[in-house]
Amino acid sequence: MTKARIPTGIPGLDELISGGFPENTVNLVSGPAGSAKSLTAIQYIYNGVKDKDETGIYLTLEEPRENVLRAMDGYGMDITKYEESGKLILLDLGEVRRRLESSEEEGIVGFEGIVTLLKNLLEFTGAKRLAVDSLTAVGLYYEDSPGKLRRELFKFAGFLKESNVTTLLVTESIEGGQLTRYGIEQFVADSFIVLGLEDVKGELRRTITVRKMRFTKHDTMKHPMLITSSGINISAESKVF
Ligand SMILES: Nc1ncnc2c1ncn2[C@@H]1O[C@H](COP(=O)(O)OP(=O)(O)O)[C@@H](O)[C@H]1O
Ligand SMILES: [Mg+2]
């Protein structure tokens, strides 16, 4: 059975993955700081609303809401319009937590807290798309227990797969090291996209590679990626050597 596709709407990317993410799967994007992980996630959610009229939720756990808004505005995305119509939900979980607990503490949230929130939110909004930016931030909650992080992450992915939503998770890679912050994120995901930021003769070169995608015939080459005034642009025809 071939799964329906949820296109990212990012120029060049859908061509690499047979049209988009398979519906109701959990997808992962990793890369070093500044490699455009957040931009990828934002565009995935924004394009869903704009092009497909699909409700999307963007959970930000690293950047405060105002930073996300500023970035979107910089790429000409009109988020206010879609927030007002309830089609795009931009949630700063740290902020929510600080308010609920009226504490000034860092708003670190564990997977259980996220699931509790999402259970209601997904049902209430009927969202088709979800982005969680990032797992690296959630992992801080389990700093003392890698075993617990592993168990909770698997449970979280299981919850998402049963939730009738197509998810994009974000995690950081370690420069010169492993592809994901905790070394396990790629195992819970149905697909895994790696963003690169390489120093070539003093210039930063952006790349993208689809490393894994279940249910899909996909491209495995490393492609060049550009950021333009309207966001990410991937050259599906050219390769990086
Ligand atoms: N208008 C623009 N044109 C080109 N590059 C930009 C523009 N705006 C931001 N950038 C770059 O895009 C990067 C994307 O950042 P972001 O998505 O936040 O990365 P990450 O989440 O991986 O840390 C920024 O670090 C910056 O270098
Ligand atoms: Mg980011």
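The values are calculated or read from the model by the stated rules, or taken from the named source; none is laboratory data. Predicted, not measured: the structure shown is a model, and the values here were computed from it. All Cβ positions, even for glycine, are placed from backbone atoms using ideal geometry, and neighbour counts span all protein chains on display.
General remarks:
- Looking only at the stretch 85-113, and only at residues there that are in contact with a strand residue (DSSP E or B) (Cβ under 8 Å, 6 or more places away or on another chain), of a type in the set (A, V, I, L, M, F, W, C) and at pLDDT 95 or above, the one that is farthest from residue 181 (Cα to Cα): 88
- Any hit, the stretch 179-189, residues being in contact (Cβ under 8 Å) with a residue 60 or more places away in the chain, small (Gly, Ala, Ser) and within 16 Å of ligand 2 (Cβ to nearest atom): no
- Checked against the criteria, residue 155 does not count as more than 15 Å from ligand 1 (Cβ to nearest atom), of a type outside the set (Asp, Glu) and at pLDDT below 95.
- Qualifying residue in the stretch 85-96 (condition: basic (Lys, Arg) and in contact (Cβ under 8 Å) with a residue 60 or more places away in the chain): no
- Scanning the stretch 193-241 for residues that are exposed (fewer than 11 other Cβ atoms within 10 Å of the Cβ) and among the aromatic types (Phe, Trp, Tyr) returns a single hit, 241.
- Of the helices (runs of 4 or more DSSP H) that lie entirely inside the stretch 121-210, those containing 3 or more residues that are under 30 Å from residue 228 (Cβ atoms) span 135-139.
- Comparison of 71, 127 shows that the only residue that is of a type outside the set (Asp, Glu), in contact (Cβ under 8 Å) with a residue 40 or more places away in the chain, under 24 Å from residue 43 (Cβ atoms) and in contact with a Ser or Thr (Cβ under 8 Å, 6 or more places away or on another chain) is 127.
- So residue 41, is it surrounded by fewer than 23 Cβ atoms within 10 Å (Cβ to Cβ) and among the small types (Gly, Ala, Ser): no
- Subset of the stretch 143-157 (residues that are free of Cβ contacts under 8 Å to residues at least 12 places away in the same chain and either among the hydroxyl-bearing types (Ser, Thr, Tyr) or out of contact with any Phe, Trp or Tyr (no Cβ under 6 Å at 6 or more places or on another chain) (or both)): 143, 144, 145, 147, 151
- The stretch 206-224: number of residues that are under 17 Å from the mean Cα position of the chain (by Cα), in contact (Cβ under 8 Å) with a residue 60 or more places away in the chain and within 16 Å of ligand 1 (Cβ to nearest atom): 1
- Restricting attention to the stretch 216-241, the residues that are touching a helix residue (DSSP H, G or I) at 6+ places or on another chain (Cβ under 7 Å) and in a loop (DSSP other than H, G, I, E, B) add up to 3.
- Residue among 127, 131 that alone is modelled with pLDDT of 95 or more, away from ligand 1 (no atom under 15 Å from the Cβ), crowded, with 22+ Cβ neighbours inside 10 Å and within 18 Å of the chain's Cα centre (by Cα): 127
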